[in-house]
Amino acid sequence: MPGCNRRSFVGLCAAMLVAPVVLRAAEPIRLGLTPVFLDNDAEVIARLKAALGQGTGRPIELVQRRTYQEVTGLLLEGGADAAWLCGYPYLQHEQALALLGVPVWRGQPLYRSYLITGTDDPAAALADLRGGSHAFSDPDSNSGWLVTASDLARMGERPETFFTRTLFTYGHRNVVRAVAGGLMRSGSVDGYVWEALAAVEPGLTARTRVIARSEPLGFPPFVTRRASADSEAASLLRQALLTLADTAEGRAALDLLQLDGVIAGEGALFDGIRARMRDVQGV
């Protein structure tokens, strides 16, 4: 090797040995998302990606799919390291999934489902909506489908026969838009999303009226595959989520999301959703 002494040769060999380790360390952590819950707000997504990247020390790849079914399948098949899911699909696959963290909203890791109508609609409760059209967000959404379906089950009814027409919008904001615009008479929506929209798009929510609120239920959690819950990627992401409120980048993301932080959480948070699943299955 012309012009190469023993010291430089040893250095080159050491660099070659180290290089694969560096490449592995730079592999992105893939987080699955769906616009059903988060929507496609570019600033929110960018802030979340930056905060989690800073917290993990790894690049974050946000993998978006249209439905909860698609993002859940992606996670279960190994196409993502973790996902921000609804409590309903989490419980549907509880044996295969593990919690990484549960967001805290207004001081608690809980939220409600809202039943909404147009401001001029005379309905005062779910029973008054019989025969009308209704917007759901996603068939695997707790607040955007399961709560209303289980309320109807308790009345001995089913959505497909109680309402004359139903529509899945695949986005809670789209449910609000459908009702506000008069496309659908009523809708089932995530109360957190409705309240967040009331802060940033008050003209939109002002054209709707909340006629019923569910009991507090476990907030949509961050989850990973149970088999890889102790992996480096899952461990780094868990730590980054639980310490989001401790960094400027994390606080900026939380502020945009109108959240207080993220806690470890436990399965009992989702007992209310479990009960509603049983109600629907019993019909």
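None of the figures in this text is laboratory data; all of them are computed from the coordinates on show. Note that the structure is a prediction, hence the values are computed from the model and not measured. Because the Cβ atoms are built from the backbone with ideal geometry, glycine has one as well, and the counts that use them run over all protein chains shown.
Return the Rg/Rh value of region 113-214, two decimal places, where both radii are evaluated on C-alpha atoms and Rh is the Kirkwood radius. Present the calculation step by step, with values, prior to reporting the outcome.
Working: Rg = 12.0 Å, Rh = 13.0 Å.
Using only Cα positions, Rg/Rh for region 113-214 is 0.93.
About the Cα centre of region 113-214, how large is the charge dipole given +1 on each Lys and Arg Cβ and -1 on each Asp and Glu Cβ? Please answer in debye to the nearest 20. Numbers along the way, then the final one.
On the way: 10 positive and 11 negative charges, 33 e Å.
Magnitude of the dipole: close to 160 debye.
Where does the longest stretch of the chain lie that holds no GluC sites (Glu not before Pro) found in a DSSP loop with 16 or fewer other Cβ atoms within 10 Å? Write down the numbers at each step before the final one.
On the way: sites that count: Glu77, Glu94, Glu266.
Formally, the longest exposed-site-free interval is 95-265.
Let me know the charge dipole size of the chain about its Cα centre in debye, to the nearest 20, where only the beta-carbon of Lys, Arg (+1) and Asp, Glu (-1) is charged.
Values: 28 positive and 30 negative charges, 87 e Å.
Here the size comes out at about 420 debye.
Can you say what percent of the DSSP beta bridges in the chain, counting only those with both residues inside, are antiparallel? Round to 5. Present the calculation step by step, with values, prior to reporting the outcome.
Values: 23 of 36 bridges.
The answer is about 65 percent antiparallel.
Extending each Cα 7 Å along its Cβ direction at Val44 and Arg226, get the distance between those two points in nm, one decimal.
3.1
Rounded to the nearest 20 Debye, what is the dipole magnitude of region 103-168 about its Cα centre when Lys and Arg each give +1 and Asp and Glu each give -1 at the C-beta?
160
As a check on your grasp of the helix formula, calculate [θ] at 222 nm for the chain: sum -39500 (n - 2.57) over DSSP H runs of n ≥ 4, divide by the residue count, round to the nearest 500. Don't jump to the answer; show the numbers that get you there.
Numbers: 12 runs with 117 residues, N = 283.
Mean residue ellipticity, 222 nm, calculated: -12000 deg cm²/dmol.
Note down the relative contact order for region 194-281 as a percent, whole number, built from C-alpha pairs under 8 angstrom at least six residues apart. Before the final figure, lay out each step's value.
Working: 40 pairs, mean separation 23.1, N = 88.
Contact order relative to length: 26 percent.
Provide the percentage of antiparallel DSSP beta bridges, counting only those with both residues in region 113-214; round to the nearest 5. Display every interim value, and only then the final one.
Values: 10 of 16 bridges.
That works out to approximately 60 percent antiparallel.
For Cα extents along the principal axes in Å, the choices are (1) 65, 49, 32; (2) 88, 40, 32; (3) 64, 41, 37; which was calculated from the structure?
From the options (1) 65, 49, 32; (2) 88, 40, 32; (3) 64, 41, 37, the structure gives (2).
Among Ser133, Tyr114, Met155, whose Cα lies farthest out toward the positive end of the dipole of region 113-214, if unit charges sit on the beta carbon of Lys, Arg (+1) and Asp, Glu (-1)?
Ser133
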